[in-house]
Each structure stands twice: as C-alpha cells, then as structure tokens.
Amino acid sequence: MKFDILTLFPKMFVSPLEESILARAIEKGLIQIRTINLRDFAWDKHHVVDDTPYGGGQGMVMKVEPIARAIEWIKSQDPVAWTVYLTPQGKPLNQEILQQLSLRSHLILLCGRYEGVDERVRDLYVDEEISIGDYVLTGGELAAMVVIDAVSRLLPGVLGSDRSAKEDSFFNSLLEYPQYTRPSEFRGVSVPEVLLSGNHEAISRWRRKEALRRTALRRPDLLSKANLSEEEKKLLGEIFQENQVKEGRDGV
Ligand code: 4GX
C-alpha cells in the first residue's frame, strides 16, 4: 500500500516511521510512504503556500494551486489514488472506516495548517474528509500519522499472523479484558487466581466476562451495538447482579 503525505512539515513524519512495526513494514515493502512538501509545488519566487482569507478575518488559508499541482502530479502516476483530508469537520474515524481505507492501494493524506485549505481543494480534489476526534490539533500531520498507523496494522503481514486473526471477532465490539504478567503479586495487589489456574475454559470465561464488565461500565454505547451470544448475555446478567449487590453494600 502506498501513502503520499502532503504537508508543509515533512520532518514531523521521520521518527514515527523509523520505529518498530511501521519501520519493519516499510523494510518488508508492505507499505510505501512518501512525504511531499507542498512548498515544492508553490512556483512563485518565494514559494508562498498561504494567503489571507477573502472577506477578511483571522489567520491564513492554504492556497489552492500548490495542493492542486501536487495532487495532479500524484494522480498522473496513479489515477486510483484516493485523497483524504484530515479535518475536525470530517467523518469521525473508527475501525470500520480504517478497514475500508485498508482496501485501497494508494492514499493521499492532505495535512492542513492554519485555518485550513481553500474550499476549492475540497470541491475539486478531496474524496473523503476524516476527523480523528473532537479536539483541535495544530495541523493535520498527527492525524495523518494516526491513519497511517491504524491502516498499516490491518494490512496482511504487518502484524504477526496470530495477532491479526483475533482482532475482528470479539475485540471490535467490546473493550479488552485486563492483562497481567509477572510478578503474581505487586505491592499487595495479586493477579486474579483463575489466570494462574491453568484451567483454559475458566480463563476464557473470566476474560469474556471482564471484557463485558469493562464495556458495560465504560462504554455502554458499544454494548448496545454488539451482537451478544446467549453465553455473553448470561455473563452480563451475572455482572449486573454483582453490581446490585455492591450498590446495596454502598447504600445506593
Ligand atoms: N482530526 N486539525 C486540520 C487545519 C484546519 C483548520 C480549520 C480545517 C479547518 C484534526 C482532527 C485537526 C487541526 C487538522 C486543524 N482544517 N484533523 N487543521 N481533529 O484538529 O483531523
């Protein structure tokens, strides 16, 4: 999969791509990442990439021509390249959108700065607008990095093969269960007995139950979307009963 990043700050991408899983994916040729400095496509004497907004107001707007030239240049090499603009005004990013993006062969990630891009960039070049969350960054670069990271790990061969299979079933609709590793006791806090028991049936049941508990407590919105099995509904019933007992003790 190819990623082209259109940015005024290409260096922001250097070290995140030199580490760990993404570095290995690049090395193995599973992903190809190019940073393209939009300033290189500003052809006036001073390579100007921004200008004041028509109608007046605060800040600067990114000019249409450098972005247009950069995207047209990429598309002349690969007409199916899909252009994504990172902006708080986009669709909220989730695992389903990432799954869809991971099926494409070539993404162009447009990183805006200042007050954003001239609206005609959207009109003429942007295929999809994505937001990584309801907060404001200083630019689209970190959002683009999030997309690259989360898409890459969905590509075949990027994670260990045992890691990827697990992912989609259970994990997608529920939060993960608590994990522990050695030591079995730390500052008086013990690892749950069952995890040391070697009873795989009991361990699996405990994990499903704790994943349900966590989801019910922290993200009830996810639970209503999840397709729960009869077994899971039973576990959820147990959790609610346990909570009522606890609330009774707490005087609720
Ligand atoms: N999820 N930003 C875009 C420039 C901008 C300003 C105004 C449009 C209108 C962000 C996010 C994000 C900061 C990227 C502002 N664009 N991107 N940038 N949240 O906060 O994706």
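Read-outs throughout are calculated quantities, based only on the coordinates presented, and are distinct from any laboratory measurement. Please read all numbers here as calculations on a predicted model, not as lab measurements. No Cβ is skipped: glycine too gets one built from the backbone with ideal geometry, and neighbour counts run over all protein chains shown.
This model, with +1 at the C-beta of Lys and Arg and -1 at the C-beta of Asp and Glu, gives the chain a dipole about its Cα centre of some 580 debye.
Close amide-amide hydrogen proximity is noted between residue 106 and 2, 82, each under 5 Å apart and 5 or more residues distant or on a separate chain (H modeled in the peptide plane; Pro and chain starts excluded).
Counting only Cβ charges, +1 for Lys and Arg and -1 for Asp and Glu, the dipole size of the stretch 174-252 around its Cα centre is about 220 debye. Taking other C-beta atoms within 10 Å as the exposure proxy, 106, 200 rank 200, 106 from fewest upward. For residue 234, the aspartates and glutamates whose Cα falls under 15 Å of its own Cα, not counting residues fewer than eight places away in the same chain, are 210, 242. A simple spin-label model places pseudo-atoms 7 Å from Cα toward Cβ; at residue 205 and residue 91 they are separated by 4.1 nm. Past 31 Å, Cα to Cα, is the threshold; run 11/75; 11/45; 2/63; 75/225; 63/225 against it and keep the listed order. Cα-Cα > 31 Å for 75/225; 63/225; rest within.
Taking 0.36 nm per residue of sequence separation and removing the Cα-Cα distance, the residue 46/residue 184 pair yields an extension gain of 43.4 nm.
Close amide H contacts of residue 50 (hydrogens built in the peptide plane, cut-off under 5 Å, sequence separation of 5 or more or a different chain): 63.
Going from the residue with the fewest nearby Cβ atoms within 10 Å to the one with the most, 50, 44 rank 44, 50. Neighbour counts of other Cβ atoms within 10 Å put 181, 52, 7 in the fewest-to-most order 181, 52, 7. Taking the helices alone, the chain has a mean residue ellipticity at 222 nm of -12000 deg cm²/dmol, built from -39,500 (n - 2.57) per DSSP H run of at least 4 residues and averaged over all its residues. Rounded if a/c is under 1.5, else prolate if a/b beats b/c, else oblate: with a ≥ b ≥ c from the C-alpha gyration tensor eigenvalues square-rooted, which is the chain? Prolate, because a/c is 1.5 or more and a/b exceeds b/c.
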